[in-house]
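J.: Provided herewith is a single structure, encoded as structure tokens, for subsequent inquiry.
The values are calculated or read from the model by the stated rules, or taken from the named source; none is laboratory data. It should be emphasised that the depicted structure is a prediction, and the values quoted were computed from it without experimental measurement. Because the Cβ atoms are built from the backbone with ideal geometry, glycine has one as well, and the counts that use them run over all protein chains shown. The area values use the complete protein model at the heavy-atom level, side chains included, leaving out ligands, DNA and RNA. Shrake-Rupley method; radii C 1.70, N 1.55, O 1.52, S 1.80 Å.
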Amino acid sequence: MTISVLLADDQAMVRASLRVILEDQPGIEVVAEAADGDEAVTLARRLRPDVCLVDVQMPRLDGIAVTRALAGPGVPAPLRVVVVTTFDLDEYVYGALRGGAVGFVLKDAGPDLLVGAVRAAHAGDALISPSITLRLLRHVTSSGAPAARRPAQPLSERETEVVRAIARGRTNQEIAAELFISLSTVKGHVSTIMAKLGVRNRVEIASWAWESGLMGAW
């Protein structure tokens, strides 16, 4: 199955570079490019690509506004948005996370991580550049973020282990290996956790884990 991707960045050279990197990989096709946020929203809603790679700083609509429009609360059929940022503690990233982004990648992180983020988003996982995973989520908990909501139902011991693993940036396959359970079991736990927490993706699970104090001083 080919993964369709929308690129949104106001710099033509950046878009060209991203296109070359992605289309050099088997099973990935860039179906559209947008030079500003408004165009990104219009194209994404019309084409409904599998993954949208969205730069944070763009004219007309910035990356946060684009993410909220495509994946935010109240969007009936949210798209998968991966935010691409220049700085490892970009002030916009938290807003994008709250807006429904499923991944964060630094522009200088390298081709492998970029491709990995696209494939992870398509597979329902989330990938955050390793250099910002813990710093970003710790920043979330110390920046006046709202208190985490209580789960609709208590998390089981195993579900809590899965939440902690997600908050550490682990993929489903890595969680399965760490906890000695099947991949399908992990996916089942993730679905149950999202329902209990009232969230829609793994990034929001990770955010909840840090905001709730579940990660402690890890």
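J.: Put +1 on the Cβ of each Lys and Arg and -1 on the Cβ of each Asp and Glu in the chain; which of VAL115, ALA8, VAL51 then has its Cα farthest toward the positive end of the dipole?
T.: Farthest along the dipole direction, towards plus: VAL51.
J.: With a 1.4 Å probe and all protein chains in place, put MET194, MET13, MET58 in order of accessible area, largest first.
T.: From most accessible down to least: MET13, MET194, MET58.
J.: Summing -39500 (n - 2.57) over the DSSP H runs of n ≥ 4 in the chain and dividing by its residue number, what mean residue ellipticity at 222 nm do you reach, to the nearest 500 deg cm²/dmol?
T.: After summing the helix terms and dividing by residue count, I get -15000 deg cm²/dmol.
J.: Taking the full set of protein chains and a 1.4 angstrom probe, give the accessible area of SER191 in square angstrom, rounded to the nearest 10.
T.: Using a 1.4 Å probe on the heavy atoms, I get roughly 70 Å².
J.: For the chain, which whole percent of the accessible surface, found with a 1.4 angstrom probe, sits on carbon and sulfur atoms?
T.: For the chain, the apolar C and S fraction of the accessible surface comes to 52 percent.
J.: State to the nearest 20 debye the size of the charge dipole of the stretch 1-119 about its Cα centre, where the only charges are +1 on K and R beta carbons and -1 on D and E beta carbons. Can you show the working numbers first?
T.: Values: 11 positive and 17 negative charges, 106 e Å.
Dipole of the stretch 1-119, to the nearest 20 debye: 500 debye.
J.: Taking the Cα-to-Cβ direction at ALA12 and at ASP112 and moving 7 Å from each Cα, how far apart do the two end points lie in nm?
T.: 3.3
J.: On to the next question. Just to confirm, what accessible area per residue do you get for the chain at 1.4 Å probe, in whole Å²?
T.: It amounts to 47 Å² per residue over the chain.
J.: Next question, about the same structure. With springs connecting C-alpha atoms under 10 Å apart, model the chain as a Gaussian network and identify which of THR185, THR171, THR86 has the largest mean-square fluctuation.
T.: Greatest mean-square fluctuation among the candidates belongs to THR185.
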